[in-house]
């Protein structure tokens, strides 16, 4: 479907209602993108309505062949199964969901009566990690997922970095023992200091060192280019340097954390570089939308068509 035809389709949605658009057959589906971009349930509520199944259909009909959902583990198991069934029917790939437990024991503290704090019991932390990993495996089965996002937690300024590094590595190895037999991959997401002050994991080079130390196929890097542009920049060089440990990529432009072409990152060049390197993984759309309503969602899709228009 060309842009003019798609514009007509979206305009028609306003007149006939979102349910009518979401139910249209794949005969009107747009061509798939060159790279595998993964929107989330936040992106097409105006165009497809609140129902997640209709949103998945809309994603497919506009050319997307993947989706991601940070909150998938918190959804009702019956809804997870419905989502998984629809993704399978449309031959779409499930992207990341968040495994909601950090891997730095020193992050977890308990308040004492006198206001002081002490480190959490490492055995209790391990028990919590085990429970979260087992819950993640149940989610994986329902939605046929391969990746789950892990943020190692907070940096403790009272403890030497190297001790914390060793602690994170040990906890990740423990998580890998649970997840690796099922093929579920923890992807570690470095977070920038502006949006997430105090995060332990801040950069791709740091995540690379952690992954090398863990040395498991179930511990890889989620390279969110929004965070990395703020924290260290040099996006393409860091993609190349950490290539063998990067399993997943997310995007958002800087500033604003909205769709590509709304900020300073030349995503067309970045995406062409990924394509030329043979990247077959997902690119998660971990960002907002710069405009409101159906118009904003139409512009979102158009922006991905533009940055995906490089010559193969």
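With respect to (1) in contact (Cβ under 8 Å) with a residue 24 or more places away in the chain; (2) loosely packed, with under 15 Cβ neighbours inside 10 Å; (3) under 20 Å from the mean Cα position of the chain (by Cα), the lone exception for residue 312 is condition (3). Quick check on my filter: what residues within the range 284-312 are farther than 12 Å from residue 259 by Cβ and touching a strand residue (DSSP E or B) at 6+ places or on another chain (Cβ under 7 Å)? 284 - this is the single residue of the range 284-312 that is farther than 12 Å from residue 259 by Cβ and touching a strand residue (DSSP E or B) at 6+ places or on another chain (Cβ under 7 Å). The residues of the range 22-48 that are modelled with pLDDT of 95 or more, surrounded by fewer than 17 Cβ atoms within 10 Å (Cβ to Cβ) and either more than 21 Å from the chain's Cα centre (by Cα) or closer than 18 Å to residue 271 by Cβ (or both), listed by number, are 31, 32, 34. Does residue 246 qualify as being closer than 17 Å to residue 271 by Cβ and modelled with pLDDT of 95 or more? When the stated conditions are applied, residue 246 passes them. Residue 71: modelled with pLDDT of 80 or more, surrounded by 14 or more Cβ atoms within 10 Å (Cβ to Cβ) and farther than 30 Å from residue 163 by Cβ, yes or no? Here the answer is no, as residue 71 does not meet what is asked. Scanning the range 260-289 for residues that are within 19 Å of the chain's Cα centre (by Cα), surrounded by 15 or more Cβ atoms within 10 Å (Cβ to Cβ) and part of a loop (DSSP other than H, G, I, E, B) turns up 260, 265, 279, 281, 285, 286, 287, 288, 289.
A residue that is surrounded by 18 or more Cβ atoms within 10 Å (Cβ to Cβ), more than 18 Å from residue 281 (Cα to Cα), at pLDDT 95 or above and in contact with a helix residue (DSSP H, G or I) (Cβ under 6 Å, 6 or more places away or on another chain) occurs nowhere in the range 145-166.
The values are calculated or read from the model by the stated rules, or taken from the named source; none is laboratory data. Just so it is clear, the structure is predicted and the values come from calculations on it, not from any experiment. Every residue, glycine as well, gets a Cβ built from its backbone with ideal geometry; the counts of neighbours run over all protein chains shown.
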